[in-house]
Amino acid sequence: MNSPSSSRQRIIVGISGASGIVYGITALKQLKQLGIETHLVVSKSAIVTLAHECDMKYAELCALADVHYQSTDIGAAISSGSFRTLGMLVAPCSIRTLGEISTGVTSSLLSRAADVVLKERRRLVLLVRETPLHAGHLQSMLNVTQAGAVVMPPVPAFYANPKTVQDIVDQTVGRALDLFGLDSGIQRWGEA
């Protein structure tokens, strides 16, 4: 784990085990370009997903963040409301992680940090990756929304005329960062 700085804006990035780990990787890269200090927590399932979806190693993923924590480190800085952040982005967010956050019954640092963000009334954005959805999934989405989270399934914006999958990912992550008041320079509807 690296040591944090209190002079920069901070955001927590959680990466859970759903398919779409590229969203979390891209978020870390865009946040670095914006000069935002990132605090990363990766679930055990996400480490498995990383091996299936990317050529990147876990250590390389962790190196993209300013600070990273083990998912079992319940005493980490991000588990306390006194640790100030802009909030947390979970990208991608698995249904298991969504379920834990929606009930407040947390079993890892990732879901604990999200719970803390909600109790402190900070921004929590969840890029939920699942389809189709059953009533339990929808109920969990309703519960976290009522608690103050933003559920943002990673839906492509084709008005940007993407040429590659990475173009689609960049646009989606840029829209997620918009929700924190951060402008990554994405193409916007009605703008040239």
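Filter region 127-151 for residues that are in contact with a helix residue (DSSP H, G or I) (Cβ under 9 Å, 6 or more places away or on another chain), assigned to a helix (DSSP H, G or I) and not polar (S, T, N, Q) and give the result. Once the filter is applied, which keeps residues that are in contact with a helix residue (DSSP H, G or I) (Cβ under 9 Å, 6 or more places away or on another chain), assigned to a helix (DSSP H, G or I) and not polar (S, T, N, Q), region 127-151 yields GLY136, HIS137, MET141, LEU142, VAL144, ALA147. Scanning region 151-192 for residues that are crowded, with 16+ Cβ neighbours inside 10 Å and in contact with a strand residue (DSSP E or B) (Cβ under 6 Å, 6 or more places away or on another chain) yields a count of 5.
Selection of region 116-150 for residues being closer than 15 Å to ILE95 by Cα, crowded, with 18+ Cβ neighbours inside 10 Å and either of a type in the set (A, V, I, L, M, F, W, C) or in contact with a strand residue (DSSP E or B) (Cβ under 6 Å, 6 or more places away or on another chain) (or both) yields VAL125, LEU126, LEU127, VAL128, ARG129, MET141, VAL144, ALA149.
Kindly indicate whether VAL105 is touching a Gly at 6+ places or on another chain (Cβ under 9 Å) and either more than 21 Å from GLY148 (Cα to Cα) or part of a strand (DSSP E or B) (or both).
On the way: touching a Gly at 6+ places or on another chain (Cβ under 9 Å): yes; either more than 21 Å from GLY148 (Cα to Cα) or part of a strand (DSSP E or B) (or both): no.
So VAL105 does not fit the description; no.
Checking each residue in region 45-65 for being under 21 Å from ARG129 (Cα atoms) and of a type in the set (Gly, Ala, Ser) picks out SER45, ALA46, ALA51. Here ASP73 clears all of (1) buried (at least 18 other Cβ atoms within 10 Å of the Cβ); (2) touching a residue at least 24 places away in the same chain (Cβ under 8 Å) except the condition numbered (1). Checked against the criteria, ALA65 does not count as of a type in the set (Gly, Ala, Ser) and closer than 18 Å to MET152 by Cβ.
Any read-out appearing in this document is the output of simple, stated calculations on the displayed coordinates, not a laboratory observation. On a predicted model such as this, the values are computed, not experimentally measured, just so you know. For neighbour counting, all protein chains shown are included, and Cβ atoms are generated from backbone atoms with ideal geometry for every residue, glycine included.
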